[in-house]
């Protein structure tokens, strides 16, 4: 990842001015998985990394871990301010809910591989509400083997329906082999703006 990589996420570096310029659609957080960044990031951007990689970068400012529900339960080292906990419906039980409910640093990245993923995610969010668990929820969806037009349609219906009902605090779209980072970022902003959540 280079400074130029951040352009597709809405950040452009000005060499003569030695500063970052933000586009209207600059994302708040970027998931970079196992990758590392060896340059100064924009002051408004948070970097989310897989837990093992984050451990190498834990002293870097605005770098946060994504941990699996299993690792979260086991008590792995966490960031003192913000932790993205990746989970699906099968990961959530009373013990897990009690743990995240009492953790002000937790943000759930709610994922699904169910054919009826929107209904599954809705079910889990309602369960959180019934348990008075007001942890922030990012709605995550991965899409592969589809066209860019199908990606737009599927993600808008899958994620937009939940956001229109006031469910979820953000979205994470993983277009595996579909389009570019820039098009995925524009799509996410379009969904958020159309549902009046951005």
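The values are calculated or read from the model by the stated rules, or taken from the named source; none is laboratory data. Predicted model, so just to flag it, every value in this text is computed and none were measured. In this analysis, Cβ positions are derived from the backbone assuming ideal geometry, glycine residues included, and neighbour counts consider all displayed protein chains.
Tabulated results
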| read-out | value |
| --- | --- |
| Per-region count, region 102-123, residues exposed (fewer than 15 other Cβ atoms within 10 Å of the Cβ) and over 23 Å from residue 155 (Cβ atoms) | 3 |
| Out of 42, 65, sole residue that is crowded, with 19+ Cβ neighbours inside 10 Å, at pLDDT 90 or above and over 24 Å from residue 121 (Cβ atoms) | 42 |
| Hits in region 62-118 (condition: without any contact (Cβ under 8 Å) to a residue 12 or more places away in the chain and in a loop (DSSP other than H, G, I, E, B)) | 75, 93, 102, 104, 115, 116 |
| Count - residues of region 140-190 that are assigned to a helix (DSSP H, G or I), under 24 Å from residue 5 (Cα atoms) and in contact with a strand residue (DSSP E or B) (Cβ under 6 Å, 6 or more places away or on another chain) | 4 |
| Tally, over region 124-139, of residues that are in a helix (DSSP H, G or I), surrounded by 15 or more Cβ atoms within 10 Å (Cβ to Cβ) and free of Cβ contacts under 8 Å to residues at least 40 places away in the same chain | 2 |
| Count of residues meeting criterion [in a loop (DSSP other than H, G, I, E, B), farther than 20 Å from residue 189 by Cβ and modelled with pLDDT of 90 or more] in region 18-37 | 4 |
